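No value in this document is a laboratory result; all are computed from the given coordinates. Computed from a predicted structure; not experimentally measured. For neighbour counting, all protein chains shown are included, and Cβ atoms are generated from backbone atoms with ideal geometry for every residue, glycine included.
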Amino acid sequence: MADNTATFDPNGPMPIVELSMGGISYCKFHFLVQAPNTGTWIEINQGDNKQSLRKIVLDPTIFPPHEPKVNAIKEMTGWKFGWSITFFGFSDNSAEPYDFTLRITQNDNDVLNPPVTKQGSFDGPSKSFNGFCQLT
Amino acid sequence: MKDYIYALSTASLVLLWGMMPQYSVAQGHQGDTKPASSRSFDFSVPASPAFVTLGVSPENVVRPISPRLFAASLADAIDQSGRIQSGVAIDAAPFMATTTLQQYRESSVRRFFANTQFSLGTTKGQSSVDEALQGAVGIHFTLLNTSDPRLDSTVLKFYDNLDKQAMANVGFPPDARGAQAKDAEIARLKEEQATKFRQAGEQGFVWTAAAALSSRSDSSRINDLEYNGFAAWTSLSYGLGTTVQGIVHVRGRWDEKVANTNKPGDLYSQNSFLAGLRLRGSIGSIKTSLEGAATFIDRDLKATDGSNQPTDVAGLISAVIEPRLTENLWLHLSLYSEFAKDLKRNGIGFKTALKWGVSQKD
């Protein structure tokens, strides 16, 4: 069962994934997609919070057919979009704060409703969040 | 965990009481003739400025390090005047909570404020000689830290690799259980590779400074707290290679009121100054240190013939071992010797001290 559903306008511009990462700890993110009926996750992007805000265009090359882009958006239907976001603390016994907000937008409008937001503090070496949404 | 800390705290107190025959000699010299060796010889910069000012710092990982977002400390200790003291302190670096890693890495101003720590602590005397309640508020600055892990691309690369290995080992179950499995794998991998990580963290210069105001209530009522002087100190450390670290520390304490054991109920004031050097390294997995320090104390107290007491000058050398008991628990064993100015009073002696502290991992 998907955490959320992101519904795109097939005639709109390419969707953008926006991840903002707060907190002073190190944050590493991975974005993955899964084609319909495959069960296999493929990583399409990864990075960290040396930049607090990351914007990633959902590259049409990961959704066949590759061209034109509007067709790529149509072809996204049935795919899953997943994320793995991990915060690493710099001291193991001190509660370090974390927060992140994940949005998927199209034409500056949220298509993932509601956006995924987590915040809190952690005491262990790391704190991870895995999840996915269905693209329709 | 709290119960464990309390149990250890009590155990340490019992052990310290077990050493009281040695300290009873020191107690006999309290007040106007107190030997320098009965003072705390921990000349590091503890995490809690309040506790160092009150002389009961539970932090004995004696390095100038960047503060934590929040820390609470308990202490059972023999303070600088040889009194049994119990205390609690809270330390916080509030600006750290509102700073992102990107801001921390790119702005020296944000970095300075993020590393500014505020401290509040109280202690209560447990002996009949002095049962006063004491409090302190302090502030701690990190002026320079060339081994700051948040700025160290090696450390970030280390985390990056941990993440990559964990993803490869556990895959991507896209749910909460998958996230927990990833965290468990990261913890396992980090422990496996921790030695390399810790050694990398000890390189470079760290320079810190701190100051604190102190208060005292002889009635033990908070309403009766009165100004009891202030303290200021600075510390500089440098990693000499991968296993040895040198630390220089200078500390002053002014207008401190001390109970005169020769006149019950009487207080006198004193100014004290300490300068010390420490070399800290490893023997296997156990941290060891050699320390040398000079202490100077000026007391506002007359001798029996009416003359002013001379400045009490003493030198201290010590050896410290810090075996790690559990994840965040270190046992500190010290053997030290005092070289006092007045040889008739002390000469050269040896004592042991046992301390405990919940500390940040190396």
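Side notes on the structure shown:
- Residue-span extension gain [B:Val244 to B:Asn161] - 0.36 nm each, minus C-alpha spacing: 27.2 nm
- Each label was represented as a point 7 Å from its Cα along the Cα-to-Cβ direction; for A:Asp9 and A:Val57 these points are 1.8 nm apart.
- 5 Å binning of all Cα-Cα separations within chain A, expressed as whole percents from 0 upward: 2, 10, 20, 22, 18, 12, 8, 5, 2, 1, 0
- Stokes-Einstein diffusion coefficient of region B:92-173, Kirkwood radius over Cα pairs, 20 °C, 1.002 mPa s, in µm²/s: 131
- Fully extended contour minus Cα-Cα distance, from B:Gln309 to B:Ser107, at 0.36 nm per residue: 67.6 nm
- Here the calculated FRET efficiency for B:Ala294 and B:Glu226, from their Cβ-Cβ distance with R0 = 35 Å, stands at 0.70, rounded to the nearest 0.05.
- FRET efficiency for the pair B:Lys124 and B:Ala187, taken as 1/(1 + (r/R0)^6) with r the Cβ-Cβ distance and R0 = 30 Å, rounds to 0.20.
- Convex hull projection area averaged over all views, region B:153-200, Cα basis, nm²: 3.2
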